[in-house]
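**Q** Structure provided below as structure tokens; questions to follow.
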Amino acid sequence: MGREDSINEILAGFRRSLREDGGDIELVGTQDGVVRVRITGTTVPVTFSTFLREYKTRQGISCGRCCIPASTIVAVLETKLKEKVPKIKKVEVVK
């Protein structure tokens with residue numbers, strides 16, 4: 001499996017969870033070990049978040065009524081990508 005395939009596979013899992021939470025994630029591109037994504041904000045409060053349950057994280061979250069911050073999504077994505085694709089240096093959000 002190639003690097004692009006691995007990135008798309010991981011993003012597919014994120015996309016599924018984020019869509020259940022009213023959000024989305026899209027690969028914009030990769031260059032020099034940097035993965036650029038576009039994130040559409042979630043609408044489900046963190047208390048009911050499929051994403052947080054699936055990826056077992058609450059990083060950057062202080063209450064149960066807020067939506068998931070993009071920084072939390074990026075942190076988890078970066079960790080997952082680096083595990084599977086060692087050449088990945090970081091993930092950036094593109095507006």
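The values are calculated or read from the model by the stated rules, or taken from the named source; none is laboratory data. The model shown is predicted, which means the values in this text are computed figures rather than measured ones. Heads up, the Cβs are rebuilt from the backbone with ideal geometry, glycines too, and the neighbour counts pull from every protein chain shown.
**Q** Could you check the range 18-54 and list, in sequence order, the residues that are of a type in the set (V, I, T) and either closer than 23 Å to K82 by Cα or crowded, with 16+ Cβ neighbours inside 10 Å (or both)?
**A** I25, V28, T30, V34, V35, V37, I39, T40, T42, V44, V46, T50
**Q** Please report, ordered by residue number, the strands (runs of 3 or more DSSP E) entirely within the chain with at least 3 residues that are in contact with a Leu (Cβ under 6 Å, 6 or more places away or on another chain) and at pLDDT 90 or above.
**A** 24-31
**Q** May I pose another question? I need the full set of residues from the range 59-95 which are over 18 Å from N8 (Cβ atoms) and either of a type in the set (G, A, S) or in contact with a Ser or Thr (Cβ under 8 Å, 6 or more places away or on another chain) (or both), in order please.
**A** Q59, G60, I61, S62, G64, R65, C67, I68, A70, S71, T72, A75
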